[in-house]
Structure formats: C-alpha cells, structure tokens
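As structure tokens, the structure follows; a few thoughts come after it.
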Amino acid sequence: MGGAQKQLKKVALHLAEQGHQITILCTRRPDVREPFRWHDNLEVIPIYRFKQPFPEPYDVPPYHIAAAIQDTSDYLAAADVFCSYDGGLIFPYVYRDIPAVISLRSVRFSETLQSGFLFQGDALILPSQHTANVWLHTAGRFFPELNKRIRVIHNGLDWHLFRYTEPKTLPAKLRVNPAEHAIMLYPHRPEEAKGIRQTIALADMLVHQYKIKNLRVLVPQWIDTSVSADVKAFYDALALDIDRRGLREHFVFHEWVNDDLMPEFYSLGDLTLAIGSYVETFGNTPYESLACGTPVLVARVGAYRGMLPEEYMIDYADIKTAAAKAAAILREKQRVPDNIIQWLHEHFALPDMVEAYADVILNATKQPLLQYEPHRLDEKTRFKLAPWCYIAKHGIYHDFRGDYTSDPDLVTPVLDNPDGFTYTMGDKAEIERLLREGYLVPT
C-alpha cells in the first residue's frame with residue numbers, strides 16, 4: 001500500500017534472489033490471514049494482532065503485544081539477523097542477542113518515534129539526510145555514538161517500470177480524456193497533512209481565476225474507505241467543501257490504483273501534486289511522476305527541500321504561486337526534460353538501494369549498547385535553527401508545526417548568527433521558549 005511497504009518488498013526480494021532465507025512477520029488483516037510467499041525463499045506470515053487500520057497499532061489488548069514479543073522471539077531463535085522495517089516493533093530487548101538493523105521510515109507516528117528513542121540496534125538505516133538530522137538533533141542529543149550507526153540510503157525506484165507509459169486502460173476507468181482535460185493527480189492517502197485541502201484550494205483558483213474549465217483532479221479513495229467510518233467521514237467532508245466551491249465536475253474520486261498501473265496513472269496526468277505539510281522522510285510520488293514525464297508541484301517540506309529541482313518547488317500554503325506555476329504547466333502541456341530524468345536515474349536507482357541495504361544487513365555485527373549521556377544546557381551551549389526549519393519568504397517555516405513565524409526573537413538572532421548563539425547573546429527566557437517549541441536545537 002504505502003511507500004515503506006513497497007521498499008521493504010524490493011529489499012526482501014533482492015535478498016531472497018541471492019539465496020537467503022527471508023521471513024517477514026507482519027500484522028494480519030481480515031482479508032489476509034494465511035502465510036504466503038513472494039519467492040521460494042521469502043515467506044510472509046501475518047501473525048501479529050496489532051490494530052488495523054493504521055495508525056496507532058498498539059491500541060490493542062496487552063496480550064496481543066505480549067504475543068507479538070513471544071512470536072518474534074521464537075522466530076529469532078533460528079535467525080541470523082533481525083531487521084525491523086519502519087521501526088514498528090519498539091522493544092529493544094527483543095533483539096539484544098542478535099545483530100539488529102532498524103530502518104525508520106517516518107518521523108511522525110508514535111511507534112516509530114518510540115522505536116527511534118529506544119534504539120539499541122547495530123545499524124540505523126534512514127532514507128534521507130533530513131531524517132538523519134532529525135534523529136541526530138533529538139535522540140542523538142542523549143546518545144553521542146548514534147551518528148556512527150546511521151546509514152542514509154535513499155529510496156530507489158525501478159526505472160524500467162517508471163517511465164512514460166501510454167494511458168490505455170485508465171482514461172475510461174477514471175472518466176477522463178487526456179485530449180479534452182487538463183489532468184492534475186493527487187496520489188496520496190486521505191490525511192489532511194498530505195495536502196488535499198490545499199489541492200482543493202488550488203483547483204478553485206485554477207478554475208475560477210485562471211479559467212481552466214476543463215480541469216480534472218484525480219483523487220484515489222483509500223482501500224479502507226468501506227470499512228472505516230472515520231475514513232468515510234473524511235471523504236464526505238471533502239465532498240462538501242468541493243460542492244461549496246462549485247468544483248464537483250472537476251474532481252474525480254476513484255478506486256485505489258494498483259502498483260502495476262501507476263506508470264500509466266502518472267503518464268495520464270499533466271501535473272502531480274505533493275503540496276501538503278506532511279513531513280516526508282523521502283516520499284516516492286514526485287520522483288515516480290517525474291520519471292514518467294509528468295511535472296510536479298512539491299511543497300518545501302521535510303526531505304523534499306534540497307532533493308528536487310527548484311523549478312518544481314513552492315513554499316507550503318503559497319497557493320498563489322502554486323496556481324501560477326500550475327496554470328503554465330497545464331496550458332502549455334509541459335513535460336519533464338531529459339536532463340532531469342537522467343538525474344533521477346543516476347541518483348535514485350533501485351539496484352543501488354537494494355545493494356546498499358543488503359550490504360548493511362548481511363554485514364551487521366553486534367555492537368555495544370549505546371550509552372545514555374545527557375548534557376546540561378549552560379552558558380557555553382550554542383543554539384542554532386533546527387534542521388526541520390528553514391528561512392522562507394513568509395518567515396521561518398517549521399516542518400512539525402506546519403506553519404511560519406516572523407517572531408523577531410527567533411528571526412533576528414538566527415539571521416545575525418548563522419553559526420549559532422548562546423544564552424548570553426540574547427534573552428535566555430526567549431531562547432528557552434523557542435527551544436521547547438522546536439525552533440532551535442543545542443549543538
């Protein structure tokens with residue numbers, strides 16, 4: 001379903017094809033209860049009883065958590081290496097006697113955050129430098145040796161799959177005509193932070209100010225829509241907003257698109273959006289879309305900052321700039337130039353990713369426990385802007401707050417002292433406040 005699961009499957013299959021025996025333990029669903037295989041050497045066992053649908057998997061009776069620990073321990077008794085992908089199993093004592101590789105794919109969900117702060121593994125794989133910086137300036141404040149165990153491995157995409165693919169099956173299925181419509185894609189799950197509200201506001205401006213009357217916005221419905229009352233209510237609220245703006249004919253809500261059809265889906269679009277405030281640790285969508293020749297608009301949030309061509313970036317919530325860029329792309333039917341596709345192939349290749357993962361996993365060795373070393377903040381401590389913040393034209397943007405501030409008590413010392421400042425160089429109480437609100441980090 002999600003990007004993390006897709007990357008896990010690629011890594012696991014690569015190891016299985018090399019002859020290694022891989023067992024994946026995962027949560028069972030009502031529609032997936034029995035073990036199955038992706039390869040002769042790779043078995044997937046839906047054994048855990050964590051809550052579905054995601055998130056908050058630990059919202060279950062305590063005996064389900066005890067069973068998960070027991071089952072994992074039983075399987076590890078015959079294993080050579082333990083790998084926790086997405087950090088969902090948070091208990092470090094489970095892997096204390098076996099080389100352990102932890103890969104954290106989020107900096108948002110509670111169980112992933114707990115796994116990061118409780119980390120006692122032998123290698124920590126992270127998908128971007130932004131993610132690494134988040135952990136180094138949070139958990140790393142208390143475990144100085146953490147940086148020696150971090151390995152940044154970018155997601156790799158299959159460029160044989162993600163390339164321009166003539167849309168043959170999807171136009172009729174999705175009720176659009178590429179020859180008649182200007183098509184925007186919103187290929188994300190239903191979360192406010194993924195940018196659906198900004199997408200609706202952007203469509204409103206394109207239709208009513210830029211007069212792009214043939215606009216169609218394709219929005220997939222999450223696979224749990226029929227079984228989750230909360231998800232259904234979310235879509236109902238979106239429909240009300242769309243109707244209020246007079247955009248009903250411009251939005252197409254459709255069934256979730258299978259992986260094998262995603263290249264055709266991207267190729268069908270004229271523009272792909274990722275303009276929410278969600279703090280992606282990598283985020284495959286823009287890269288997949290670009291590889292298929294479809295331009296993107298992406299908010300400068302999280303790992304996207306500094307990892308995508310500047311011409312496709314906007315500041316979060318800058319709908320005016322987004323509309324101007326989107327209108328030009330849609331009207332001119334712009335496509336992605338060859339040099340950007342070549343750049344993608346050079347920096348985000350699937351073989352590089354799976355080989356890097358395999359190297360870490362197969363060579364993992366047991367390391368000493370990380371030692372907890374808290375340091376008192378005093379007059380010698382230097383503070384600087386947190387790595388999850390950046391200076392934008394609207395002020396200083398904060399990834400985790402999803403907004404901007406022009407607070408002079410922050411902006412002035414940050415601009416005047418890019419290498420950091422101490423308590424003695426400002427108002428100590430204000431520095432403390434900004435530290436606790438996550439704008440500053442001690443260095």
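Quick check, is Arg401 of a type in the set (D, E, K, R) and farther than 15 Å from Leu271 by Cβ?
Working: of a type in the set (D, E, K, R): yes; farther than 15 Å from Leu271 by Cβ: yes.
Yes, satisfied.
Is there a residue in the range 129-136 that is outside any helix (DSSP H, G or I) and either crowded, with 18+ Cβ neighbours inside 10 Å or of a type outside the set (S, T, N, Q) (or both)? So that I can check it myself, show each step before the final result.
Filtering the range 129-136 for residues outside any helix (DSSP H, G or I) gives none.
Looking through the range 129-136, none of the residues is outside any helix (DSSP H, G or I) and either crowded, with 18+ Cβ neighbours inside 10 Å or of a type outside the set (S, T, N, Q) (or both).
Looking at the range 190-214, which of its residues are crowded, with 19+ Cβ neighbours inside 10 Å and out of contact with any helix residue (DSSP H, G or I) (no Cβ under 7 Å at 6 or more places or on another chain)?
Hits for the range 190-214 are Lys194, Gly195, Thr199, Asp204.
Evaluate the range 145-160: report whether one residue or more is under 21 Å from the mean Cα position of the chain (by Cα), buried (at least 19 other Cβ atoms within 10 Å of the Cβ) and more than 30 Å from Thr443 (Cα to Cα).
Within the range 145-160 (the criterion being under 21 Å from the mean Cα position of the chain (by Cα), buried (at least 19 other Cβ atoms within 10 Å of the Cβ) and more than 30 Å from Thr443 (Cα to Cα)), the answer is yes, since at least one residue qualifies.
Considering only the range 108-122, state which residues are buried (at least 20 other Cβ atoms within 10 Å of the Cβ) and of a type in the set (Phe, Trp, Tyr).
Across the range 108-122, the qualifying residue is only Phe119.
Residues to consider are Leu89, Leu13, Leu42, Leu76; find the one that is over 27 Å from the mean Cα position of the chain (by Cα), among the aliphatic types (A, V, I, L, M) and either at pLDDT below 95 or assigned by TED's automatic domain parsing to the domain that holds Phe109 (or both).
Values: Leu89 fails: over 27 Å from the mean Cα position of the chain (by Cα); Leu13 fails: over 27 Å from the mean Cα position of the chain (by Cα); Leu42 fails: over 27 Å from the mean Cα position of the chain (by Cα).
Matching residue, one of Leu89, Leu13, Leu42, Leu76: Leu76.
Pull up the range 93-116, narrow it to residues that are of a type in the set (D, E, K, R) and under 15 Å from Phe54 (Cβ atoms), then point me to the one that is modelled with the lowest pLDDT. I'd like the intermediate steps shown before the answer.
In the first step, residues of the range 93-116 are kept if they are of a type in the set (D, E, K, R); the result is 96-97, 105, 108, 111.
Retained after the next criterion (residues that are under 15 Å from Phe54 (Cβ atoms)): 105, 108, 111.
Working: Arg105: 90, Arg108: 86, Glu111: 91.
For the range 93-116, the residue satisfying everything is Arg108.
Say whether the condition of being of a type outside the set (A, V, I, L, M, F, W, C), at pLDDT 95 or above and closer than 15 Å to Arg331 by Cα is met by at least one residue in the range 190-198.
Among the residues of the range 190-198, not one is of a type outside the set (A, V, I, L, M, F, W, C), at pLDDT 95 or above and closer than 15 Å to Arg331 by Cα, which makes the answer no.
State yes or no: is Glu43 touching a Lys or Arg at 6+ places or on another chain (Cβ under 7 Å), among the acidic types (Asp, Glu) and in contact (Cβ under 8 Å) with a residue 12 or more places away in the chain? Explain how you work it out, then say what you get.
On the way: touching a Lys or Arg at 6+ places or on another chain (Cβ under 7 Å): yes; among the acidic types (Asp, Glu): yes; in contact (Cβ under 8 Å) with a residue 12 or more places away in the chain: yes.
For Glu43, the condition - touching a Lys or Arg at 6+ places or on another chain (Cβ under 7 Å), among the acidic types (Asp, Glu) and in contact (Cβ under 8 Å) with a residue 12 or more places away in the chain - is met.
Which one of these is at positive phi, of a type outside the set (S, T, N, Q) and in contact (Cβ under 8 Å) with a residue 40 or more places away in the chain: Arg197, Arg149, Arg175?
On inspection, the qualifying residue turns out to be Arg175.
The values are calculated or read from the model by the stated rules, or taken from the named source; none is laboratory data. Being a predicted model, the structure only gives us computed values, none of them experimental. Methodologically, a virtual Cβ is constructed for each residue, glycine included, from the backbone with ideal geometry; neighbour enumeration extends over all protein chains shown.
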